[in-house]
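Right, one structure below, let's go through it.
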Amino acid sequence: GIAEIQLGLLRQRLADLDLQLQLDDGVLDKLAEHGFDPVYGARPLKRAIQQWLENPLAQEVLKGNYPPGSTIVVSLVGQDIGFSKKAKAA
């Protein structure tokens with residue numbers, strides 16, 4: 001639930017750029033795994049989302065890999081998070 005709230009904020013910022021975000025379930029599991037600490041609970045989740053998702057995604061957007069109107073698909077590639085562009089429906 002906490003991850004969805006944080007990701008909702010990211011989705012809103014992307015919507016302002018006319019971009020959409022689609023996450024595979026494995027990505028949510030990876031973020032939850034890296035964003036949970038037995039002592040601090042889910043507090044590190046925001047940092048994990050920034051490190052694993054927001055920062056690399058910002059690099060891709062700045063490179064121009066995702067023009068306005070794109071849907072960015074986030075999935076696991078091995079143990080890493082990868083980005084791809086969803087084909088537009090004809």
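The values are calculated or read from the model by the stated rules, or taken from the named source; none is laboratory data. A quick note: this is a predicted structure, and the numbers were derived from the prediction, not measured. Don't worry about glycine lacking a Cβ; one is built from the backbone with ideal geometry, like all the others, and counts go over all protein chains shown. The area values use the complete protein model at the heavy-atom level, side chains included, leaving out ligands, DNA and RNA. Shrake-Rupley method; radii C 1.70, N 1.55, O 1.52, S 1.80 Å.
In the stretch 25-54, which residues are open to solvent by 90 Å² or more (accessible area, probe 1.4 Å) and either within 22 Å of G78 (Cβ to Cβ) or touching a Gly at 6+ places or on another chain (Cβ under 9 Å) (or both)?
D25, D29, E33, F36, R43, K46, R47, Q51, listed by residue number.
Could you figure out which of (1) at pLDDT below 90; (2) over 10 Å from the mean Cα position of the chain (by Cα) isn't true of V27?
Failing condition for V27: (2).
Are there any pairs with C-beta distances below 6 angstrom linking a residue in the stretch 1-18 that is at pLDDT 90 or above to a residue that is surrounded by 13 or more Cβ atoms within 10 Å (Cβ to Cβ) and not in a helix (DSSP H, G or I), with the two at least 6 apart or on different chains, and if so which?
Qualifying pairs under 6 Å: R11/L21; L14/L21.
Yes or no: I5 within 14 Å of the chain's Cα centre (by Cα), open to solvent by less than 80 Å² (accessible area, probe 1.4 Å), at negative phi and among the aliphatic types (A, V, I, L, M)?
no
How many residues are free of Cβ contacts under 8 Å to residues at least 12 places away in the same chain and open to solvent by less than 50 Å² (accessible area, probe 1.4 Å) when one looks only at the stretch 65-87?
1
Pull up the stretch 4-24, narrow it to residues that are in a loop (DSSP other than H, G, I, E, B) and hydrophobic (A, V, I, L, M, F, W, C), then point me to the one that is farthest from G78 (Cα to Cα).
L17
Are there helices (runs of 4 or more DSSP H) fully within the stretch 25-90 with at least 3 residues that are within 18 Å of R13 (Cβ to Cβ) and either touching a strand residue (DSSP E or B) at 6+ places or on another chain (Cβ under 8 Å) or basic (K, R) (or both)? List them.
55-62
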